[in-house]
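Chemist: Dumping the structure here so I can ask a few things about it.
The values are calculated or read from the model by the stated rules, or taken from the named source; none is laboratory data. Note that the coordinates shown come from a computational prediction; the quantities given were computed from them, not determined experimentally. As a convention, Cβ positions derive from the backbone with ideal geometry for all residues, glycine included, and neighbour counts pool all protein chains shown. For accessibility, only protein heavy atoms count, side chains too; no ligands or nucleic acids. Shrake-Rupley method; radii C 1.70, N 1.55, O 1.52, S 1.80 Å.
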Amino acid sequence: MSKRWRLGILLLSMLSVLTGCFLEKPVLDPLDENKGKIKVTYYGEESFYRDYGSYFNVKFPNIEVEIISTAVADTAADMEKLLDKHKPDVVLLSEHMFESYAQQGKLYALDDIIAQEKFDMEGYMPGVIDMIRTKGRGKLYGLTPYFYNQVIYYNRDLFQAYNIELPRNKMSWQEVLSLSKRFDDMRTGNNEIYGLYQSPSELLINIASTSSLQVVDAKGEKMRIRSDGWKQAIRMATDAVRNYPPGQLEGMNNLFLQGKAAMVMDGPWFAKELRHAPLRDKKLSSINWDIVTVPIDLARPDESSKVRLSEIFAVMADSANKRAAWEFVQFVNGSSMEKVASRNPISTLPTRNQFFKELEGRSTEPYYMLKPKSSTESSPVEGSLGFWVGYGNKHVPEDFYSPFSELLDKTLQAVMQREMTPDEAVNELEAKGQQMLNKAHTEEREKKEQTSP
């Protein structure tokens, strides 16, 4: 072999070694003797150690954790002041704040460390990671161990008693309301049996959210209710509940518990209520229930508008303790914590579902079957009616929702009593809603001017 060849092979070998060393350079430097210290925002110290801290300490006894309680942060502005004051390493954020912080560059992108450490991303519920990436404009700035979703609970015995076919997954709203109407047609005298029992406004919003109808535009400046889609949604909702007795939203699920409603939409907590209610109230009997997915949009049959990310953990971009912070984030989102989370879910569900296969003896598949809606035109507003209806966005003043909700209820009642047509209803909601929206924006600007230095 010539000297030239030997020299070439030697150079290639050296280049290979150098390249390997370069590629293997850690994204984050390892902890010194597994020691570290991090500040973490959470609802409170007691709840932190109950939910995560005690388990984390077992695996990482040398990482000291200081809890920054967010109990005093009632608004987004309060939260920002809290973060500016305490400079936490790990933050627990709502969907809205996470999206805002990610797009402002305040969070540390996890993509590289996840790839290098081969953190398991396969076990997540379909669509959840894509949803988080979308909020970060393509980058992954956080992970979430839990999510919220709704399903249709149905009374199996009622369907069988009236010889009506059982609900199934991925029904359209037309199909669900058709099943509901069959119960309504059989209601006579003392036979108080109802199909899907919801208030008119709740049913309308649920129908509209499935079809991605918006109350306001993306900028939060103009109403968007004067449309054929809203007319159809109003017609469907009012026709479905026109003959239902008046009642408050808080009491609606009671009819299902009493065996008088065949279907109701709710979250995972209601499964616990179905077991505990007969123990508290001897007048109630156990319900032979099961669940299916919420109604779907036929144009997007694999998506649900009801999926919400309840808490997203992220590492602050200016943290000096990113390695310890990452160890915490990956731990609370890992398989070991999933086992703990799957034992006793109450209002939320683990985003990983390798272990969480049953809830009160029923398959959890309907909770995981539909992905979050891919549309990001609007996002929920925390602490307001906007979260309940699912239509608020960050540009809409919170004070808009309460008066608009009253207007919506009043308008729907008028349609149900045939005092107003759906066409007239959308005109009413559009015109008066715009006045309310303009007023809310004006008042918000005045408040900011008064509080600004």
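Chemist: Out of all the residues in segment 301-321, which are closer than 24 Å to H96 by Cβ, crowded, with 17+ Cβ neighbours inside 10 Å and over 18 Å from the mean Cα position of the chain (by Cα)?
Modeler: V315, M316, S319
Chemist: Is at least one residue of segment 180-189 over 16 Å from I291 (Cβ atoms), open to solvent by 50 Å² or more (accessible area, probe 1.4 Å) and touching a residue at least 60 places away in the same chain (Cβ under 8 Å)?
Modeler: There is no residue in segment 180-189 that is over 16 Å from I291 (Cβ atoms), open to solvent by 50 Å² or more (accessible area, probe 1.4 Å) and touching a residue at least 60 places away in the same chain (Cβ under 8 Å).
Chemist: If we only count helices (runs of 4 or more DSSP H) wholly inside segment 1-92, which ones have 2 or more residues that are modelled with pLDDT under 90 and within 34 Å of the chain's Cα centre (by Cα)?
Modeler: Helices (runs of 4 or more DSSP H) meeting the threshold: 76-86.
Chemist: Inspect all residues belonging to segment 227-237 and state whether any of them is closer than 24 Å to D185 by Cα, surrounded by 18 or more Cβ atoms within 10 Å (Cβ to Cβ), modelled with pLDDT under 95 and hydrophobic (A, V, I, L, M, F, W, C).
Modeler: Scanning segment 227-237, I find no residue that is closer than 24 Å to D185 by Cα, surrounded by 18 or more Cβ atoms within 10 Å (Cβ to Cβ), modelled with pLDDT under 95 and hydrophobic (A, V, I, L, M, F, W, C), so the answer is no.
Chemist: Testing L385 on (1) in contact with a helix residue (DSSP H, G or I) (Cβ under 6 Å, 6 or more places away or on another chain); (2) open to solvent by less than 20 Å² (accessible area, probe 1.4 Å); (3) modelled with pLDDT under 85, one condition comes back false. Which one is that?
Modeler: (2)
Chemist: Can I ask one more? Can you tell me which residue in segment 334-358 is modelled with the lowest pLDDT, limited to those that are part of a loop (DSSP other than H, G, I, E, B) and surrounded by fewer than 17 Cβ atoms within 10 Å (Cβ to Cβ)?
Modeler: Only one residue tops the list, namely N344.
Chemist: What tally of residues in segment 277-300 results from selecting those that are free of Cβ contacts under 8 Å to residues at least 40 places away in the same chain and more than 25 Å from the chain's Cα centre (by Cα)?
Modeler: Matching residues across segment 277-300 total 10.
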